[in-house]
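S.K.: Attaching a single structure in structure tokens format; questions to follow.
The values are calculated or read from the model by the stated rules, or taken from the named source; none is laboratory data. From a predicted model like this one, the values you see are computed outputs, not experimental measurements. A quick note on method: Cβ atoms are made from the backbone with ideal geometry, for glycine too, and the neighbour counts reach across all protein chains shown. Quick note on the areas: whole protein, heavy atoms, side chains included, nothing else; ligands and nucleic acids left out. Shrake-Rupley method; radii C 1.70, N 1.55, O 1.52, S 1.80 Å.
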Amino acid sequence: FDLRDTKGQQKEIEDKIGAAAKILRDGGLVGIPTETVYGLGANALDGTAVKRIFEAKGRPQDNPLIIHVTGAQWLPRYCADVPPLAYVLARKFWPGPLTMILKRRPIIPDETTAGLDTVAVRCPNHPVTLAIIREAGIPIAAPSANLSGRPSCTTAQDVLEDMDGRISGVVDGGPCAVGVESTILDLTCDPPRLLRPGGLPLEDLERLIGKIDVDKAVNGALAEGEKPKAPGMKYRHYAPKAPVTVITGAPEKSAQEILRRVGPTSGVICFEEFADLFREQEVHTLGPVGDKLVQAQRVFDALRTFDTSDVTEIFAQCPDNRGLGLAIGNRLKKAAGFHVVEADSERVVLGLT
Ligand code: TXA
Ligand code: MG
């Protein structure tokens, strides 16, 4: 399904959208583009089809899926007791990288929600996928299209790398514009709770609706055995083969701290401005310090590239928590199993090692 080949050829694009919609209606799996990351789609109302997603990804059964819809008008079909706030948020941020947790209706099968009495809903901002959902006339359950545990896919090529032979096809909608997954907001509690930082900054949400609690899992602060509200947040994730250490703090300081720690077999993920410091190492840059849009687009690619590398350890610089920085930092820290070193600490300031 290479849509880039058929640019301008409306008929062919429509045929491909129709073909993808048919596969989905018939219970098959299709990789679909969204503005955040590629999804692995199936009919959200068909428990058997949804089970195939879990098999293809090797995903743990207790990790529920997001259903993708074309707009807020679909909410009452699949969700119960939809609060007015959901419509306020949808009007402002849909289509876009916001997932809302709402009470579910029985029409959504247990396979999709992993037995929870809530369901995650989002309207993706990608014209092709919106057309596919509209054509199929059903909500599409879609986790990120990576094999479970691997970094998410931001190109159709990434999806093929992980899923070739496991799914019917992938619709190529170009590289993902946002690059990190959607922001997940739980609307079944008061105040609403941020379960996963993502492509829509927390500040934008708070500006519209006021105070939001941040779930402990976002900062990796769960106690041993404690369950996060978004089951997926408990898994070590996005992890390359080599262990990752995230270095936080002002970029100049974190770069110096990494420089102190690296050896010839280390890998480095750093801001563009510091790449030249690491001439002996394999380096993948996140983009400029000041450009979090680019950092979000690149973070998974950097982690993915290290998967096929022989480095023995990886050090990553990390943006501050403002704006998209919260999501970018969260993905890096998850890849590191929350192994984080603060470069601004006294120890570093004193130059001790
Ligand atoms: O941007 C995205 O959200 C992408 C694209 C494809 O839409 N999808 C995505 O799906 O990231 P996935 O499955 O990789 O992550 C979904 C997260 C998981 O952490 C899961 O535990 C959580 O959403 N989740 C799903 N349903 C939930 C529910 N009812 N309550 C709490 N968390 C839920
Ligand atoms: Mg995922």
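S.K.: Restricting region 232-272 to residues that are part of a helix (DSSP H, G or I) and charged (D, E, K, R), which is surrounded by the most Cβ atoms within 10 Å (Cβ to Cβ)?
M.R.: 257
S.K.: Going by what's in this entry, would residue 297 be described as open to solvent by 40 Å² or more (accessible area, probe 1.4 Å), under 14 Å from the mean Cα position of the chain (by Cα), at pLDDT 95 or above and of a type in the set (S, T, N, Q)?
M.R.: Yes.
S.K.: Go through region 1-113 and tell me which helices (runs of 4 or more DSSP H), entirely inside it, have 1 or more residues that are open to solvent by 10 Å² or more (accessible area, probe 1.4 Å) and at pLDDT below 95.
M.R.: Where helices (runs of 4 or more DSSP H) fall fully within region 1-113 and carry at least 1 residues being open to solvent by 10 Å² or more (accessible area, probe 1.4 Å) and at pLDDT below 95, they are 10-25.
S.K.: Of the numbered conditions (1) of a type in the set (Lys, Arg); (2) more than 16 Å from ligand 1 (Cβ to nearest atom); (3) in a loop (DSSP other than H, G, I, E, B); (4) within 30 Å of residue 116 (Cβ to Cβ), residue 207 satisfies every one except a single condition; which is it?
M.R.: Among (1) of a type in the set (Lys, Arg); (2) more than 16 Å from ligand 1 (Cβ to nearest atom); (3) in a loop (DSSP other than H, G, I, E, B); (4) within 30 Å of residue 116 (Cβ to Cβ), the lone unmet condition for residue 207 is (3).
S.K.: Given (1) surrounded by fewer than 16 Cβ atoms within 10 Å (Cβ to Cβ); (2) out of contact with any strand residue (DSSP E or B) (no Cβ under 9 Å at 6 or more places or on another chain); (3) under 30 Å from residue 194 (Cβ atoms); (4) modelled with pLDDT of 95 or more, identify the lone condition not met by residue 307.
M.R.: Residue 307 satisfies every listed condition except (4).
S.K.: Among the residues of region 291-309, are any without any contact (Cβ under 8 Å) to a residue 40 or more places away in the chain and either within 16 Å of ligand 2 (Cβ to nearest atom) or part of a loop (DSSP other than H, G, I, E, B) (or both)?
M.R.: yes
S.K.: Can you pull out every residue in region 164-204 that is out of contact with any His (no Cβ under 8 Å at 6 or more places or on another chain), open to solvent by less than 30 Å² (accessible area, probe 1.4 Å), away from ligand 2 (no atom under 16 Å from the Cβ) and assigned to a loop (DSSP other than H, G, I, E, B)?
M.R.: 171, 174, 187, 192, 200, 201
S.K.: Does region 337-346 include one or more residues that are under 16 Å from residue 37 (Cβ atoms) and assigned to a helix (DSSP H, G or I)?
M.R.: no
S.K.: Ok, one more. Considering region 186-196 alone, what residues qualify as being farther than 16 Å from residue 143 by Cα and of a type outside the set (Lys, Arg)?
M.R.: 186, 187, 188, 189, 190, 191, 192, 194
S.K.: Here is a follow-up. Here are the criteria: (1) within 16 Å of ligand 2 (Cβ to nearest atom); (2) out of contact with any Phe, Trp or Tyr (no Cβ under 8 Å at 6 or more places or on another chain). Tell me which single one residue 238 does not satisfy.
M.R.: The one condition residue 238 does not meet is (2).
S.K.: Right, next: Output the residues belonging to region 62-78 that are in contact with a helix residue (DSSP H, G or I) (Cβ under 8 Å, 6 or more places away or on another chain) and away from ligand 2 (no atom under 15 Å from the Cβ).
M.R.: 69, 70, 71, 72, 75
S.K.: Which numbered condition trips up residue 172, out of (1) charged (D, E, K, R); (2) farther than 21 Å from residue 71 by Cα; (3) within 12 Å of ligand 1 (Cβ to nearest atom)?
M.R.: Condition not satisfied by residue 172: (3).
S.K.: Kindly list the number of the only condition in (1) part of a loop (DSSP other than H, G, I, E, B); (2) aliphatic (A, V, I, L, M); (3) in contact with a strand residue (DSSP E or B) (Cβ under 9 Å, 6 or more places away or on another chain) that fails for residue 147.
M.R.: Single failed check for residue 147: (3).
S.K.: Being within 15 Å of ligand 2 (Cβ to nearest atom) and assigned to a loop (DSSP other than H, G, I, E, B) is the requirement here; does residue 124 meet it?
M.R.: Criteria met by residue 124.
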